[in-house]
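The values are calculated or read from the model by the stated rules, or taken from the named source; none is laboratory data. Being a predicted model, the structure only gives us computed values, none of them experimental. Note: ideal-geometry Cβ built from the backbone for every residue, glycine included; neighbour counts use all protein chains shown. The area values use the complete protein model at the heavy-atom level, side chains included, leaving out ligands, DNA and RNA. Shrake-Rupley method; radii C 1.70, N 1.55, O 1.52, S 1.80 Å.
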Amino acid sequence: MVVQSWTELDLDELCGKACLFGFDLDNTLASSKQPMKPAMIERFSELTTRIPVALISGGSMAVVTMQVLDVLNDHAARGNLHVMPTSGSRYYRWQHGQWTLIYAHDLDKPTVEAIESSLERHAKALGLWEPQVWGPRIENRGSQITFSALGQYAPVAVKQHWDPDDSKKHALAARVSQDFPDLRVRTGGYSSVDVSKHGIDKAYAVRKLAELLGLSIESIAFVGDRMTPGGNDYPAVEAGAMGIKVNDPADALGLMDALLQRIAKHPDSLANQ
């Protein structure tokens, strides 16, 4: 499957088909572990008033809340927003004035402890236990355990240069997966490895959204920065969603402006009923 940049797509055709727009978070809507910037807050909030929007991130609900939910403006239609942290293993909706958990596929305590021990042991053996980190190396996200070689809050530029060919992450994932054949161990962002139950990724997220909302997967458009095979956004495309690639939040802002202009041209689409 070939995923094109948004500037190469026929956005009028896409907006005529799309019933829901899903977005990755880190390096798509915002820089890694940073709140959305004011211009993105304005556009993203406005988009929720025009069409159903899903936020599908590998990050925890706490991080998603800090980066997006706490900075939405008063104009945002929170009831039109579907929040799926930890790659869709958790799902939240705005109900009775708060974000309410609809489902969760959490790991039990003994499994969590075993995963954390395995990640630390193998990372040290491979020389990936870096002396300088920004925030915790290992985070329990409930339904997913994430190892971040440089810490959860490392600068994006540092993360990007740590493992440019993904060989370090793949080596760690391979060793940890031998300890947990019944779990899914996969590379995540620029410097992370995620461990969760099998079948829980962004493909699961878009399939679950389609099921819950009564949509076809083909009517869901998903926007992300890691849209090549092996990237953590690509499973959404493999599941059948329309893939839209952006380079970074600045590029995504251009897409937002284009979408807001074009969605208004399709008032009879299912998305806008």
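As a test of understanding, state the convex hull volume per residue of region 154-220 from its alpha carbons, in Å³.
Numbers: hull volume 8.1 nm³, N = 67.
Per-residue hull volume (Cα only) is 121 Å³.
Here the chain carries DSSP beta bridges of which approximately 55% are antiparallel, counting only pairs with both residues inside. Scaled to the globular estimate 2.2 N^0.38 Å, the Cα spread of region 1-45, given as radius of gyration, is 1.37.
What is the spin-label model distance, in nm, from Met66 to Glu42 if the labels are put 7 Å beyond Cα along the C-beta direction? Between Met66 and Glu42, the label points sit 2.6 nm apart. Comparing Thr111, Thr49, Thr65 in a Gaussian network model of the chain (Cα springs below 10 Å), the most mobile by mean-square fluctuation is Thr111. Solvent-accessible surface of the chain, taken per residue with a 1.4 Å probe and all protein chains present: 42 Å². When the convex hull of its Cα atoms is viewed from all sides, region 3-76 shows a mean projected area of 5.4 nm². Here region 99-184 is described by how far its Cα atoms reach on the three principal axes: 37, 34, 21 Å, from widest to narrowest. With respect to the chain, whose longest principal axis is taken over its alpha-carbon atoms, helix 109-125 is tilted by about 70°. For region 157-273, the orientation-averaged shadow of the C-alpha convex hull comes to 8.6 nm² (one quarter of the hull surface). Here region 30-134 yields Rg over Rh of 1.08, to two decimals, using C-alpha coordinates and the Kirkwood radius. Per-residue SASA remark: Ile41, around 30 Å² accessible (1.4 Å probe; ligands, DNA and RNA not included). Applying 1/(1 + (r/R0)^6) with R0 = 45 Å to the Cβ-Cβ distance of His96 and Leu126 gives a FRET efficiency near 0.45.
The GNM of the chain, with springs linking C-alpha atoms under 10 angstrom apart, assigns the highest mean-square fluctuation among Ala174, Ala125, Ala76 to Ala125. Taking only the Cα atoms of the chain, the ratio Rg/Rh comes out at 0.96, with Rh defined as the Kirkwood radius. Exposure check, 1.4 Å probe, all protein chains in place: Asp163 carries approximately 10 Å² of accessible surface. At R0 = 30 Å, how high is the FRET efficiency between Glu113 and Ala174 if r is their beta carbon distance? Nearest 0.05 is fine. My answer for the efficiency is 0.90. Against the chain, whose longest principal axis is taken from its Cα atoms, helix 167-179 shows a tilt of about 70°. The residue among Thr146, Phe23, Ala77 whose Cα reaches farthest toward the positive pole of the charge dipole of the chain, with charges on the beta-carbon of Lys, Arg, Asp and Glu, is Thr146. For Lys245, the lysines whose Cα comes closer than 30 Å to its Cα, not counting residues fewer than 8 places off in the same chain, are Lys17, Lys33, Lys37, Lys159, Lys168, Lys169, Lys197, Lys202, Lys208, Lys265.
With the convex hull drawn over the C-alpha atoms of region 63-208, the volume per residue is 126 Å³.
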